[in-house]
């Protein structure tokens with residue numbers, strides 16, 4: 001009875017282990033262009049088997065038989081290739097052929113060490129590992145006393161490595177084949193033998209060993225896959241797709257063909273037959289429930305996918321609509337900003353145009369009398385200087401006062417004359433001048449040289465010109481000259497007390513000309529930024545400076561040249577004017 005119960009445990013574990021293969025869901029089989037091209041270049045794949053691993057794979061009269069060849073035949077038919085079986089004498093040799101690249105593919109279970117050499121397909125066969133014991137042994141095997149026993153293990157099997165991992169101090173004897181291991185257990189050379197359940201069942205029946213019992217499982221299950229050499233990821237992908245394409249019916253056909261337990265002589269026992277057929281009913285029930293669950297799962301999955309697609313479509317619509325609204329908001333914001341800028345430019349243009357007209361009329365009206373006054377006062381100064389030479393105590397004091405008042409009148413009239421000259425510059429910006437193509441570098445260089453010659457730029461101020469030599473612009477020459485002169489004068493008059501430097505930079509990018517005038521002088525308070533371009537604004541009034549310089553520049557840049565001007569400054573460090581114009 002003890003043997004029957006043990007074999008019932010074996011039968012139960014073995015059949016249920018194979019039922020595990022039904023968890024592999026079938027998929028539509030299709031290969032990528034790269035995979036098809038690889039198969040055309042490699043019509044033969046080399047396979048290295050374990051020669052004594054029945055019922056999975058084994059040699060019989062030099063022919064590979066077992067469960068695995070059934071799958072290999074399926075691969076040949078599906079992929080249109082030939083799988084050549086390499087002759088091997090042991091599993092260790094087969095493993096070596098795979099590691100050195102001689103074999104393309106092997107059948108085994110995944111371990112961390114093997115992952116360094118191989119890529120693994122999805123697992124498709126499952127079987128537990130158990131410890132077999134000899135029923136003739138005096139002591140009953142107790143897994144809790146495993147360190148007291150000598151356990152037989154098979155060379156290079158993953159189950160052997162697992163045993164040493166969880167029971168590192170266990171005593172073991174290593175055998176190169178299952179036959180050697182079972183023989184050693186039969187003759188009580190070892191107390192137990194760690195084996196795969198399916199393999200052990202096959203060889204026990206073949207060798208007529210009937211005196212073995214199932215001792216204990218060690219918690220290790222073989223999850224068999226096809227392993228492909230690490231440097232061949234394309235073949236690994238092909239084999240994995242082939243495995244996943246196999247349906248349950250095909251798996252069960254293969255399992256039924258190679259299920260050796262049902263042909264075992266032990267099943268002739270009537271009690272065992274009852275267990276066997278009862279178990280078959282249980283298995284059918286398990287398969288039915290599993291299949292029904294899978295059908296339900298597939299339906300749920302399909303509905304879930306439909307809902308996901310609907311959600312994605314809804315999310316896309318919401319996203320697209322949100323994006324449209326964002327784009328409309330951006331366009332509306334840009335339109336408002338452009339409208340505001342246009343409005344400001346129109347107001348400013350009207351202001352400067354009106355100012356220019358007033359200035360033009362005033363300049364014309366007062367230019368002649370002021371000029372005549374300067375001439376008369378100059379003449380009076382000469383006469384008075386002669387009268388001063390006569391010695392007359394009564395008249396000397398009066399003459400002196402007359403000279404002072406005449407000089408004062410002359411200075412004030414001269415200031416008025418300077419103002420009129422500045423007014424004339426504004427008037428020039430209103431007069432239509434003939435346009436021409438101007439080399440900006442040459443114009444700035446000549447302007448700086450003239451100002452140095454006229455001593456408008458003192459010797460204590462250096463001027464660096466870093467303008468592209470071929471930088472050109474089609475515009476009015478006079479307007480550019482006014483801009484350059486006024487900006488430099490503004491730096492000289494307001495930026496420096498003594499030593500200073502003015503740098504002029506010019507370049508073209510994407511049809512936009514940029515001119516930068518920078519000095520390292522006193523700088524401008526940020527509170528004055530908005531006022532610096534206003535007419536008559538100055539922080540340092542004098543007869544030469546009446547606050548029209550930057551106003552004139554702004555008027556020319558914005559209204560005459562359709563450009564823009566920006567000021568940047570840091571108090572006590574620098575002032576920078578950035579001018580931008582379209583090239584054409």
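The values are calculated or read from the model by the stated rules, or taken from the named source; none is laboratory data. As the structure is a computational prediction, the values presented were derived from the model and not from experiment. Neighbour counts run over all protein chains shown; Cβ positions are idealised from the backbone, glycine included.
Would you check which residues across the range 484-507 are under 48 Å from the mean Cα position of the chain (by Cα) and within 20 Å of residue 561 (Cα to Cα) and list them?
Within the range 484-507, 484, 487, 504, 505, 506, 507 qualify.
Could you list, in sequence order, all residues of the range 551-584 that are part of a strand (DSSP E or B) and touching a helix residue (DSSP H, G or I) at 6+ places or on another chain (Cβ under 8 Å)?
564, 565, 569, 575, 577, 579, 581 - these are the residues of the range 551-584 that are part of a strand (DSSP E or B) and touching a helix residue (DSSP H, G or I) at 6+ places or on another chain (Cβ under 8 Å).
Okay, residues lined up against (1) outside the structural domain of residue 217 (by TED's automatic domain parsing); (2) at positive phi; (3) at pLDDT 50 or above; (4) surrounded by fewer than 19 Cβ atoms within 10 Å (Cβ to Cβ):
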residue: 10; (1), (2), (3), (4): no, no, no, no
residue: 25; (1), (2), (3), (4): no, no, no, yes
residue: 33; (1), (2), (3), (4): no, no, yes, yes
residue: 38; (1), (2), (3), (4): no, no, yes, yes
residue: 43; (1), (2), (3), (4): no, no, yes, yes
residue: 52; (1), (2), (3), (4): no, no, yes, no
residue: 57; (1), (2), (3), (4): no, no, yes, no
residue: 62; (1), (2), (3), (4): no, yes, yes, yes
residue: 79; (1), (2), (3), (4): no, no, yes, no
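Please work out if residue 130 is surrounded by 14 or more Cβ atoms within 10 Å (Cβ to Cβ), under 14 Å from residue 218 (Cα atoms) and in contact with a helix residue (DSSP H, G or I) (Cβ under 8 Å, 6 or more places away or on another chain).
Judged against the criteria, residue 130 is a match.
Testing residue 504 on (1) in the same structural domain as residue 562 (by TED's automatic domain parsing); (2) crowded, with 16+ Cβ neighbours inside 10 Å; (3) at pLDDT below 90, one condition comes back false. Which one is that?
(3)
Exactly one condition in (1) in contact with a strand residue (DSSP E or B) (Cβ under 9 Å, 6 or more places away or on another chain); (2) surrounded by 15 or more Cβ atoms within 10 Å (Cβ to Cβ); (3) modelled with pLDDT of 85 or more is not met by residue 486; state its number.
Every condition holds for residue 486 apart from (1).
Which is modelled with pLDDT under 80 and crowded, with 17+ Cβ neighbours inside 10 Å, of 547, 563?
The conditions single out 547.
Residue 477 versus (1) touching a helix residue (DSSP H, G or I) at 6+ places or on another chain (Cβ under 6 Å); (2) under 14 Å from residue 444 (Cα atoms); (3) modelled with pLDDT under 90: which is the lone unmet condition?
(1)
Can residue 122 be described as in the same structural domain as residue 94 (by TED's automatic domain parsing) and farther than 30 Å from residue 245 by Cα?
no
As an exercise: evaluate residue 55 against (1) in contact with a helix residue (DSSP H, G or I) (Cβ under 7 Å, 6 or more places away or on another chain); (2) more than 20 Å from residue 220 (Cβ to Cβ) and give the number of the one condition it does not meet.
(2)
Let's see how each residue does on (1) under 42 Å from the mean Cα position of the chain (by Cα); (2) touching a residue at least 60 places away in the same chain (Cβ under 8 Å):
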| residue | (1), (2) |
| --- | --- |
| 189 | no, no |
| 198 | no, yes |
| 216 | no, yes |
| 245 | yes, yes |
| 252 | no, yes |
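For residues that are within 16 Å of residue 487 (Cα to Cα) and without any contact (Cβ under 8 Å) to a residue 24 or more places away in the chain, scanning just the range 436-453, find the one that is surrounded by the most Cβ atoms within 10 Å (Cβ to Cβ).
445
In the range 238-248, is there at least one residue being touching a strand residue (DSSP E or B) at 6+ places or on another chain (Cβ under 8 Å) and either modelled with pLDDT under 80 or surrounded by fewer than 14 Cβ atoms within 10 Å (Cβ to Cβ) (or both)?
The answer is no; no qualifying residue exists.
For (1) in the same structural domain as residue 41 (by TED's automatic domain parsing); (2) at pLDDT 85 or above; (3) assigned to a helix (DSSP H, G or I), each residue gets a yes or a no:
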| site | (1), (2), (3) |
| --- | --- |
| 182 | yes, yes, yes |
| 201 | yes, no, yes |
| 217 | yes, no, no |
| 223 | yes, yes, no |
| 235 | yes, yes, yes |
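Scan (1) more than 17 Å from residue 523 (Cβ to Cβ); (2) more than 51 Å from the chain's Cα centre (by Cα); (3) surrounded by 16 or more Cβ atoms within 10 Å (Cβ to Cβ) for the single condition residue 460 breaks and write down its number.
Unmet condition: (3).
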